[in-house]
Amino acid sequence: MDYKKLQNGSDIRGVALEGIEGQHVNLTKDAVYAIGRGFALWLQEKKQKDALYVAVGRDSRLSGETLSAWLCDAMVGEGIHVTDIGLASTPAMFMSTVTEGYEFDASVMITASHLPFNRNGFKFFTEKGGLEKQDIKDILTYAEGDGHTGLPTGSLEKGEFMDAYAAILVGKVRTATGLEKPLEGFRIVVDAGNGAGGFYVEKVLQVLGADTTGSQFLEPDGTFPNHIPNPEDGAAMEAIISAVKKNHADLGVIFDTDVDRAGAVLSDGSELNRNRIIAMLSAILLREHPGTTIVTDSITSTGLARFIEGLGGVHHRFQRGYRNVINESMRLNNLGQDSQMAMETSGHGALKENYFLDDGAYLVTKLLIELARGKKEGYTLQSLIADLAEPAESKEFRMNILLDDFKPYGLSVIEELTRYAESQNSWEIAPNNYEGIRVNLDKDHGDGWFLLRLSLHDPLMPLNIESDSAGGVLTIAKELYGFLKTCEFLDTTKIAAFVG
């Protein structure tokens, strides 16, 4: 098989189970064994050691145990000493490479995040962080070959790390607040979506004194019977909002399947998601690190930029893709420009203080510290984002490109739209834009902005429109449709129906 088709950016992903029409299993036993062998060869080359130690974890997916067994067996056959951690979160698997007493040479997390139940995949880490796209390409090149490490057979043992990881989070809160049980008197409900995040209730919140009555879907279940474990999913957010209101909770928390993303709900039932959670974390970090730069993806709102700048920070709007924003924040730090956070509106967020690790549980832990501080000092979480101006309307259209060779066409559409925008007196092309084209429109022409970009991997052009006035999205869509309807190989059916 062509193993390179399994690459999805800086991860490996594929179909592990039958069950969805048109999707055929490509994470077969042979494929997983080849990937395990490829990773062993890659690791041997990078570490230049004869004794290599790797931790393997998985989320709650139905195929997880089988894929883990195959991967572990393949690596043991190549001389790797493997510790099977079992059910774990993605951030915890990275932490197993840097935590004193563990410090594995590398780790592997078996997950496909929020994708359907039949999908699965692999994320790889060393103490330097998650592997990059080129590393995954190299591993898959090794998998396609027939090379071996030449090391004597390794070993396999069962291990545990989630207790140690949870203890790190508990220690963060206790150190910051100076209290053994700083969450006494608070009710906090968690929705784990039947993924790997249920540990947070017993091992973190209850240890810190919180009442977790009303928490739901904590048991791992790879069929995901209640809702998709995804903070961006409407049904998932409605579930945690309902739990907060029903239980009169002070905070609600929702994790995705492997806990590298999180969303939250405030005590009044309002979502702490997308621009709002970025704003709140920015407020916390700008108090701790005045003037720092916050890196976000390309579709954050104008109100968020003004909010960050109003607190004395720098807003650096970059590209979609969590590795993109993280790498950009790291690049700025390397240039001497302090950047404490990189975060996407999807909920992917990484902090400089936490290895730039994409860790939903750590972000929630920062909120817990603030919740406890607020009780002591007389403020609420809501008050931190009271000055955030939120858009009146926002909408996304996802337009398919009707060509196999889609990237050149998508880029040509952006180039043509740029020329078109330059000819429109009421349109202002946003400066310092790193993805697609973003255009601001005045109050007479929609009072907002639009961003048209090319998807990183798919034959798709997402269009985001936001307005500060009621009816503004429709006004902007109508102005833009005059150009879009001339794009022969772009499926504009949905926006055409919207503008009427």
Highest mean packing first, using Cβ neighbours within 10 angstrom, the peptides 276-289, 249-262 sort as 249-262, 276-289
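How charged is the neighbourhood of Glu466? Take every other residue with its Cβ under 12 Å from the Cβ of Glu466, and add Lys/Arg as +1 and Asp/Glu as -1.
Numbers: positive: Arg274, Lys395, Arg438; negative: Glu390, Glu393, Glu396, Asp447, Asp468.
Neighbour charge sum, excluding Glu466 itself: -2.
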Taking 0.36 nm per residue of separation between Glu415 and Asp30 and subtracting their Cα-Cα distance, the length gained on full extension comes to 134.2 nm
Looking only at aspartates and glutamates whose Cα falls under 19 Å of Lys375's and that sit 8 or more positions away or on another chain, we get Glu180, Glu184, Asp211, Asp250, Asp268, Glu288
Hull surface over four for the Cα convex hull of segment 393-499, reported in nm², is 6.2 nm²
The farthest towards the positive end of the charge dipole of segment 3-160, of the residues Met75, Tyr102, Pro116, given +1 on Cβ of Lys and Arg and -1 on Cβ of Asp and Glu, is Pro116
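Just to be sure I understand the rule: take each whole DSSP H helix in the chain, project its Cα atoms onto its long axis, keep it if the span is 15 Å or more and its mean Kyte-Doolittle hydropathy is at least -1.0. Which ones pass?
On the way: long enough: 29-47 (27 Å, -0.27); 64-77 (20 Å, 0.69); 133-144 (17 Å, -0.77); 162-177 (23 Å, 0.67); 234-247 (20 Å, 0.45); 275-288 (20 Å, 0.97); 322-334 (18 Å, -1.09); 360-377 (26 Å, 0.08); 406-422 (24 Å, -0.24); 472-484 (18 Å, 1.12).
Membrane-span-like by this rule: 29-47, 64-77, 133-144, 162-177, 234-247, 275-288, 360-377, 406-422, 472-484.
Find the eigenvalues of the gyration tensor of the Cα atoms of segment 165-384, then list the square roots of 5 times those eigenvalues as equivalent ellipsoid semi-axes, largest first, in whole angstrom.
On the way: eigenvalues 139, 78, 52 Å².
That gives 26, 20, 16 Å for the three semi-axes.
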Per the charge dipole of the chain (beta-carbon charges, Lys/Arg positive, Asp/Glu negative, Cα centre), the residue among Gly448, Thr293, Ser89 reaching farthest to the positive end is Thr293
Net charge (Lys, Arg +1; Asp, Glu -1) of residues whose beta-carbon lies under 10 Å from that of Thr149, Thr149 excluded, is -2
Karplus-derived 3J(HN,Hα) from phi for segment 222-230 (6.51 cos²θ - 1.76 cosθ + 1.60, θ = phi - 60°), whole Hz, x at Gly and Pro, runs x, 8, 6, x, 9, 6, 5, x, 7
Scaled by the rule-of-thumb 2.2 N^0.38 Å, the alpha carbon Rg for segment 3-160 gives a ratio of 0.95
Projected onto their principal axes, the Cα atoms of the chain stretch, largest extent first, over whole-Å spans of 72, 58, 47
With DSSP loop assignment and no more than 13 other C-beta atoms within 10 Å, the trypsin sites (Lys or Arg not before Pro) in segment 44-118 are Lys49
To the nearest 20 debye, segment 3-160 has a Cα-centred charge dipole, built from +1 on Lys and Arg Cβ and -1 on Asp and Glu Cβ, of 400 debye
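Could you give the dipole magnitude of segment 83-221 about its Cα centre, charging the beta-carbon of Lys and Arg +1 and that of Asp and Glu -1, in debye to the nearest 20? It would help to have the intermediate numbers written out before the result.
Details: 11 positive and 20 negative charges, 87 e Å.
Roughly 420 debye for segment 83-221.
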Within segment 4-46, DSSP-loop GluC sites (Glu not before Pro) with at most 16 other C-beta atoms within 10 Å are Glu18, Glu21
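Let's see if you can work this out: charge +1 on each Lys and Arg Cβ, -1 on each Asp and Glu Cβ, no other charges. What is the dipole magnitude of the chain about its Cα centre, in debye to the nearest 20?
Working: 47 positive and 71 negative charges, 99 e Å.
Charge dipole of the chain: 480 debye, to the nearest 20.
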One finds the C-alpha centres of segment 277-339 and segment 404-471 to be spaced, in Å, by 22 Å
Rounded to whole angstrom, the alpha-carbon centroid of segment 112-171 lies from that of segment 199-222 at a distance of 26 Å
In whole Hz, the Karplus estimates of ³J(HN,Hα) for segment 427-439 (6.51, -1.76, 1.60; θ = phi - 60°; x where Gly or Pro) are 9, 10, 5, 5, x, 6, 9, 10, 8, x, 10, 10, 10
The summed charge of the Tyr434 Cβ neighbourhood (under 13 Å; Lys/Arg +1, Asp/Glu -1) stands at +2
Here, chymotrypsin sites (Phe, Trp or Tyr not before Pro) of segment 332-410 satisfying both criteria (DSSP loop; at most 16 other Cβ within 10 Å) are Tyr379
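Bear in mind these aren't lab numbers, they're just calculated from the coordinates by the rules spelled out. This is a predicted model, so every value here is computed, not measured. Note that each Cβ is placed from the backbone with ideal geometry, even for glycine, and that neighbours are counted across all protein chains shown.
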